[in-house]
Each structure stands twice: as structure tokens, then as C-alpha cells.
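*Asks:* This structure is in C-alpha cells; I'll ask about it shortly.
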Amino acid sequence: MSASDLTALIWDQPAQGQVDPFLWPLQVQPSHIDHYGHVNNSVYLQWLQDCAWAHLQSLGLQLSDYQRLNRALVVYRHELDYLAPAYQDEQLVMATWLEQHDKLSVYRRFQLQRCHDGKTLFRAYSRYVCTRLSDGKVCRLPELFLNTYAKAGL
């Protein structure tokens, strides 16, 4: 997939003042396909997680930062809209962006498009809550996280 393929795709508008979405290209593998012949719905959840981690790593956050700070961002809620199926060997791009945050939570959007026609196949809206790794209790987002999110336009 070329850079021009990615730039030709049109994404849902991130919040005003934010940088462009983070783009995560992928190809549908045989292991993603269910007995109906298309990508299984559970695979989309894995893609959300993988894309979000890749985005955070691109901003400079590593798993070691979470461990050092005794913090985790855990899913509180996912809203998933399956708009059209994806099939084996299709080239797709998942876009994600941070929409907002408060003292305890981060809100993220996702959009999945098929490369050859730009069709949006899937959208998701997720709320992640900050917790302590040691006991699972909800706590404030650390400064390192907030400073990192600022790089994404928050």
C-alpha cells in the first residue's frame, strides 16, 4: 500500500485543532475469516487494541511507562458500528484519533476503510479509564499521559 493510497482516503473529521488521524494499514488474513466468509467481529476488537497501542507508541508512550507509573488505560465502553464486511486479502486502513480527555478518561475514535474504494467498513468510539495496575482502582491520568496526548492535539 503506497503513501498516495493512504492520503487519498478521506477520514471522519477529528475534533477541530487536532492533528491528522494515526493510520494503521493492515491486510485481512485467512485467520481473520469466520464461517460466514468475512472478518469475524472479534477480530475488529483486536484491531482496535493493536491500532491504539501503535498510536500511543508513535507518540512516545511505551508499556514500560505504564508499568513504571503503575497505570493502565482499560476499556470502559466500546461503541461499535459494523457497516460493511471485509474479506480475505483486502487491504484496509484503520484510522484513530484521541477526541477528548477528562481527569480519569480518554476518548478515542476509530474508522476502518477499504483501500481500493475508500468505503468505510467500521467505526468505533471508545472510552478508556485510567486505573492503577497494582489494585485496579480508578485514578487520575498522569502528567506523562496528558503531555503525550497534547502531541495528538488534545
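*Asks:* From Leu9, Leu80, grab the single residue that is modelled with pLDDT under 95 and within 18 Å of the chain's Cα centre (by Cα).
*Replies:* Working: Leu80 fails: modelled with pLDDT under 95.
Exactly one of Leu9, Leu80 is modelled with pLDDT under 95 and within 18 Å of the chain's Cα centre (by Cα), namely Leu9.
*Asks:* Here's another thing I want to ask about it. Sort out which residues of segment 44-67 are surrounded by fewer than 17 Cβ atoms within 10 Å (Cβ to Cβ), out of contact with any strand residue (DSSP E or B) (no Cβ under 9 Å at 6 or more places or on another chain) and either in a helix (DSSP H, G or I) or in contact (Cβ under 8 Å) with a residue 24 or more places away in the chain (or both), and write them in order of number.
*Replies:* Hits for segment 44-67 are Gln46, Trp53, Gln57, Gly60, Leu63, Ser64, Gln67.
*Asks:* Next up: Taking into account only those residues within segment 22-43 that are crowded, with 16+ Cβ neighbours inside 10 Å and of a type in the set (Phe, Trp, Tyr), which is farthest from Ala152 (Cα to Cα)?
*Replies:* The initial filter retains those residues of segment 22-43 that are crowded, with 16+ Cβ neighbours inside 10 Å, namely 22-24, 26, 28, 32-33, 38-39, 43.
Still in the list and also of a type in the set (Phe, Trp, Tyr): 22, 24.
Numbers: Phe22: 9, Trp24: 15 Å.
Once the filter is applied, the top-ranked residue is Trp24.
*Asks:* Next up: Assuming Leu98 fulfils every condition listed in (1) under 24 Å from Pro25 (Cβ atoms); (2) more than 19 Å from the chain's Cα centre (by Cα); (3) surrounded by 13 or more Cβ atoms within 10 Å (Cβ to Cβ) apart from one, which condition is it?
*Replies:* (2)
*Asks:* Using the structure shown, decide if Ala72 is in contact with a strand residue (DSSP E or B) (Cβ under 6 Å, 6 or more places away or on another chain), of a type in the set (Gly, Ala, Ser) and loosely packed, with under 15 Cβ neighbours inside 10 Å.
*Replies:* Details: in contact with a strand residue (DSSP E or B) (Cβ under 6 Å, 6 or more places away or on another chain): yes; of a type in the set (Gly, Ala, Ser): yes; loosely packed, with under 15 Cβ neighbours inside 10 Å: no.
For Ala72, the condition - in contact with a strand residue (DSSP E or B) (Cβ under 6 Å, 6 or more places away or on another chain), of a type in the set (Gly, Ala, Ser) and loosely packed, with under 15 Cβ neighbours inside 10 Å - is not met.
*Asks:* Evaluate the following for Arg140: is it basic (Lys, Arg), crowded, with 16+ Cβ neighbours inside 10 Å and more than 26 Å from Ile10 (Cα to Cα)?
*Replies:* Values: basic (Lys, Arg): yes; crowded, with 16+ Cβ neighbours inside 10 Å: no; more than 26 Å from Ile10 (Cα to Cα): yes.
Criteria not met by Arg140.
*Asks:* Could you please give the count of residues in segment 121-154 that are modelled with pLDDT of 95 or more, under 15 Å from the mean Cα position of the chain (by Cα) and of a type outside the set (A, V, I, L, M)?
*Replies:* Number satisfying all stated conditions: 6.
*Asks:* Identify the residue in segment 101-123 that is touching a Lys or Arg at 6+ places or on another chain (Cβ under 9 Å) and within 26 Å of Leu69 (Cβ to Cβ) and, among all such residues, is surrounded by the fewest Cβ atoms within 10 Å (Cβ to Cβ). Don't jump to the end; show me each part of the working.
*Replies:* Restricting attention to segment 101-123, the residues satisfying the condition of being touching a Lys or Arg at 6+ places or on another chain (Cβ under 9 Å) are 103-113, 120-121, 123.
Filter again for within 26 Å of Leu69 (Cβ to Cβ), leaving 103-110.
Working: Lys103: 9, Leu104: 15, Ser105: 16, Val106: 23, Tyr107: 18, Arg108: 25, Arg109: 20, Phe110: 26.
The residue in question is Lys103.
The values are calculated or read from the model by the stated rules, or taken from the named source; none is laboratory data. A quick note: this is a predicted structure, and the numbers were derived from the prediction, not measured. Neighbour counts run over all protein chains shown; Cβ positions are idealised from the backbone, glycine included.
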